[in-house]
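Since every read-out is calculated from the coordinates, none of them should be taken as a lab result. Computed from a predicted model, the values in this text were never measured in an experiment. Every residue, glycine among them, receives a Cβ derived from its backbone with ideal geometry; neighbour counts consider all protein chains shown.
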Amino acid sequence: MNRFSAFTAALLVSAAATSPALAAPETYTVDSTHTFPRFSYSHFGMSTQLSKFDKTTGTVTLDKAARSGAVDITIDMTSVNTGYATFNEHIQGEDFLDTARYPTASFKSTQVRFEGDKPAEIDGELTIKGVTKPVTLKVTNFVNMPHPMLKKDAIGADATTVIKRSEFNAGKYAPNVGDEVTISIALEAVSAN
C-alpha cells in the first residue's frame, strides 16, 4: 500500500471512529396502566358524555433521526368504562360495540408526519366492528424522555380524531345521540430495550 492510500485509509478509520453512530428506530411497548382511549359524544344535546377503555396494548416505533414512526394499537372493547355498570353492558350490545363478535378494535398507522422533531399527525386505519376506515390522529402533546421510575427511554402523547359512529355500524339513536364521536387517547409507552 503506498503512503497516500495508507493516509486515506487512516483518515477514513478515524472519521468512522469519531462520527456519531446512526440512531436506529426505537420500539416502545404501550404502558397499559397509563394508556386510555376515551370517546365523547352529545347526549340529546343535553351534555357531552365521556367514556373510556381500560385495556389497551400495542407498540410505537420511533426513528428520531429519520423523523418517522409507526403505531400499532389494540383496544379491548369489553373493557369499556362508562362509569355505570348497566350501561357498560348495554353499549357492548349488537347495536353499538357488539363485543361478542368484535371484542377488539385496532389502529394501525400508515404515515407519521412530523413538525420539527415531534410527531404532529398520524394517518392510519381504524377498525371497529370489522369496519376499517382511514382516520388522522392529531397529536396535541408529545414527550420523549427517560422514565423517572423505570429508568428507560419513554414516550408520552395525547392525540385526537373525530369519527361518525354510523360509518362503523354503530349508529343507533343517531342523530338524537350524536353521530360524531371524538376519540382521544392518552398514551405512555416504554422502550422495549
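Quick notes
- For Glu94, neighbours were defined as the other residues whose beta-carbon sits under 10 Å from its Cβ, and their charges (Lys and Arg +1, Asp and Glu -1) total +1.
- Charge dipole of the chain about the Cα centre (unit charges at C-beta), most positive-ward option of Phe44, Thr160, Ala24: Ala24
- Summing +1 for each Lys or Arg and -1 for each Asp or Glu among the other residues whose beta-carbon sits under 13 angstrom from that of Thr48 gives 0.
- Cβ-defined net charge surrounding Thr27, 11 Å radius [Lys, Arg +1; Asp, Glu -1]: -4
- With Cα atoms, 0 to 90° folded angle of helix 3-18 axis to the chain main axis: 30
- Three-way shape call for the chain based on the alpha-carbon gyration tensor, with the a/c threshold at 1.5: prolate
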